[in-house]
Amino acid sequence: MGLIGQLLNLVFGGGRNVVAETAEVFRENAEAGAEREAGLRTQSMVQYAAEFAPRQRGWFDRWMDGVNRLPRPAMALGTLGLFVAAMVDPIWFAERMQGIALVPEPLWWLLGAIVSFYFGARHQLKGQEFQRSLATTMSRAPKVVDNIAALRNLRADSPGVADTGPDASLALASVVPGNNAALAEWQRVRA
């Protein structure tokens, strides 16, 4: 082989491509980068799917969810039951209330704290949502006032509703009679 063949064999021979290997030092191989990106995306999707997959809930989890839903309805229905009991059997109700009168004050404070913490978080969340919706509604008030004023100015009995303002050509055009198809038809029928 000649000198050129040896040079080409040196650069491209032996299963190597010196030009491509040198270029990859400065620029990423697009095909290899795409393969790595595809692998990374596949792994990410597998991880997300594992995190958000519906897990099998046992009987204990379902039972605890049911227990967590009981206090509010139980307290509401219990209070209504006390009103009914007071009307049905006042003596029995008075005896029970006398027993409640013997409960020490620190125990009432503890009960109040428990109920406050239990319902307080929900009350605070709902209160914040209400405040947010109220603020949104109030921020719309100036636009509503402007819209109402604009609509009132469009009424036929509003003063100056047909005023042409400083536009002289509009003022002249408003007094020039135009073709009125309905009036022409009415006149034709009457004649």
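The values are calculated or read from the model by the stated rules, or taken from the named source; none is laboratory data. Predicted, not measured: the structure shown is a model, and the values here were computed from it. All Cβ positions, even for glycine, are placed from backbone atoms using ideal geometry, and neighbour counts span all protein chains on display.
Check region 122-130 and report whether any residue there is out of contact with any Ser or Thr (no Cβ under 9 Å at 6 or more places or on another chain), aromatic (Phe, Trp, Tyr) and modelled with pLDDT under 85. Yes, region 122-130 contains a residue that is out of contact with any Ser or Thr (no Cβ under 9 Å at 6 or more places or on another chain), aromatic (Phe, Trp, Tyr) and modelled with pLDDT under 85.
Taking the numbered list (1) farther than 30 Å from Leu70 by Cα; (2) among the β-branched types (Val, Ile, Thr); (3) assigned to a helix (DSSP H, G or I) in turn, Ile114 passes all entries but (1).
For Thr137, indicate whether it is farther than 22 Å from Pro71 by Cβ and in contact with a helix residue (DSSP H, G or I) (Cβ under 7 Å, 6 or more places away or on another chain). Can you show your working first?
Details: farther than 22 Å from Pro71 by Cβ: yes; in contact with a helix residue (DSSP H, G or I) (Cβ under 7 Å, 6 or more places away or on another chain): no.
No: the conditions fail for Thr137.
The residues of region 23-39 that are more than 44 Å from the chain's Cα centre (by Cα) and surrounded by 10 or more Cβ atoms within 10 Å (Cβ to Cβ), listed by number, are Ala23, Glu24.
Looking only at residues of region 155-171 that are surrounded by fewer than 10 Cβ atoms within 10 Å (Cβ to Cβ) and aliphatic (A, V, I, L, M), we find that the one that is nearest to Arg69 (Cα to Cα) is Ala156. For the residues Arg132, Arg96, Arg152, Arg188, the requirement of being within 27 Å of the chain's Cα centre (by Cα) and either surrounded by fewer than 10 Cβ atoms within 10 Å (Cβ to Cβ) or part of a helix (DSSP H, G or I) (or both) singles out Arg132. Filtering region 49-61 to residues that are surrounded by fewer than 10 Cβ atoms within 10 Å (Cβ to Cβ) and part of a helix (DSSP H, G or I) leaves Ala49, Ala50, Glu51, Phe52, Trp59, Phe60.
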